[in-house]
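Coordinate-derived values only; no laboratory data. All values derive from a computational prediction rather than experimental measurement. Don't worry about glycine lacking a Cβ; one is built from the backbone with ideal geometry, like all the others, and counts go over all protein chains shown.
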Amino acid sequence: MAETRERTGDSEEDFTEDPRYAASRNEMIISFVYFGVYTFVLIGTAWVIGGGKDADEIGFILGFPDWFFWSAFVGGAIFSVIPYFLVKYWFADMPLSASGEDSEVGEYEPPERQSGESSPQV
């Protein structure tokens, strides 16, 4: 490995990490924590409300068992709104180009066809 670095002139001191990696790593951690909490809350809610009950003790809301209604519908609705705030306040909007600079992306223009070419089959 050291031989390869000597040939190419690369060394650890010459390497500068793109700051987008650090931001992406933080966003990944936030996402994993979010999904962990989501899973824990939904399973915990279902377990607390419906765990260990007999069939005749289970209540129904809108035709669904109450544990399912509160964990899947209400919990799902609450945890569907949370990502909006995560993305708005904690995630960074960053360019994906190799240079790291924003570029104006225009409307897609398909390449012009030669007169003998057929149109692509869909």
For residues that are within 12 Å of GLY50 (Cβ to Cβ) and under 27 Å from the mean Cα position of the chain (by Cα), tally how many sit in the stretch 61-75. 5
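If you go through the stretch 80-87 one residue at a time, do you hit one that is within 15 Å of the chain's Cα centre (by Cα), in a loop (DSSP other than H, G, I, E, B) and under 23 Å from ASP18 (Cβ atoms)? It would help to see each step written out before you state the result.
Taking the stretch 80-87 and keeping what is within 15 Å of the chain's Cα centre (by Cα), we get 80-87.
Pick out the ones that are also in a loop (DSSP other than H, G, I, E, B) and you get none.
Among the residues of the stretch 80-87, not one is within 15 Å of the chain's Cα centre (by Cα), in a loop (DSSP other than H, G, I, E, B) and under 23 Å from ASP18 (Cβ atoms), which makes the answer no.
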